[in-house]
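Before any comments, here is the structure.
We did not get these values from a lab; they are worked out from the coordinates using the rules stated. The structure displayed is predicted, hence computed values, not measured ones. FYI the Cβ positions are ideal-geometry reconstructions off the backbone, even for glycines, and counts take in every protein chain you see.
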Amino acid sequence: MSLPAYYTTKDKVWHYAFRVICFSIFFFLLAPILIMIPLSFNAGPYFTFTREMLTLNPEGYSLRWYQDFLGDEGWMRSISNSFIIGIAATVLSTSLGTLAALGLSRAEMPAKGLIMGILISPMIVPLIISAAGMFFFFSQINIAQTFVGVVLAHAALGTPFVVITVTATLVGFDQSLTRAAANLGASPTTNFFKITMPLILPGVISGALFAFITSFDEIVVVLFVAGVEQRTIPREMWSGIREDISPTILAVATILVLISIALLTVVELLRRRGERMRGLSPQ
């Protein structure tokens, strides 16, 4: 792609320098992941590249750490807990966040700025403070170190993402559609499921995926609120780093990276679908 003819020498220098800076930042952020993934296939119990790996010798590569992960009861229990807690927290946060966003989108809603600030406060308050507060509160009502407590804690952390994404979707929502449906005799429930929900569904699903990722990768709140029976994958990895360092952690981290990439890809596809539905991008 050639540069515009009116670009000065200064503009051309900045054009290429900006791309070099962006590439350097991306490389700095992705380098640990790019190193971690091949190390998870190391045949030896090392966290460094062996001579066989550097020379691309097949004997230097193995799936033993993935086999250890899949064959270990503790890891399997932790991944089961992560999915159970993540799905339950996602359902709860998506329901609450969507209802809150719909309420905040109404023109007659009072103190919308204050309510929005309260709803997204879990994203602003340092996580260690939120975790400590949840621990003391949940201890008072006897749900600390239970699945209910962990689910509620993760739902509180995931709700702001749902509120933000659904609110952004509702910005381009045509309220005349719901008024027309009401004039034609549609009940509020029918109006919501037939008119509103199909149009905001990409935003709802995107928020749900962000909430699930937040729950799936969360560690600080789990350390405070969860008990032995609620050990999640991040909690198991944290314990493994402290107690028994093994390259199995690299295999688990690689799997988590692939899951995150898949979920973010779905979010991007939903974002583009939402833009097409609202006419913000070409078909």
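General remarks:
- Cβ-based exposure ranking for Glu236, Glu218, Glu268, in which fewest neighbours within 10 Å come first: Glu268, Glu236, Glu218
- Here mean projected area of the Cα convex hull in nm² was computed from the coordinates, and among [x] 13.2; [y] 14.2; [z] 22.7 the match is [z].
- Computed extension gain for Leu223 through Ala182, at 0.36 nm per residue and net of the alpha carbon distance, reaches 9.9 nm.
- The Cα center of the range 5-76 and the Cα center of the range 99-171 differ in position by 35 Å.
- Nonlocal amide H pairs with Asn42, under 5 Å, H built at 1.01 Å: Ser62
- Dipole axis of the chain (+1 Lys, Arg; -1 Asp, Glu on Cβ), positive-most option in Ser260, Met53, Ser95: Ser95
- Take every Cα pair under 8 Å whose residues are at least 6 apart in sequence, average their separation, divide by the length of the range 73-277, and the relative contact order is 34 percent.
- Comparing Ala211, Ala132, Ala156 in a Gaussian network model of the chain, where Cα atoms under 10 Å apart are tied by springs, the biggest mean-square fluctuation is seen for Ala132.
- Other residues whose C-beta falls under 12 angstrom from the C-beta of Ala17 contribute a net charge of +2, scoring Lys and Arg +1 and Asp and Glu -1.
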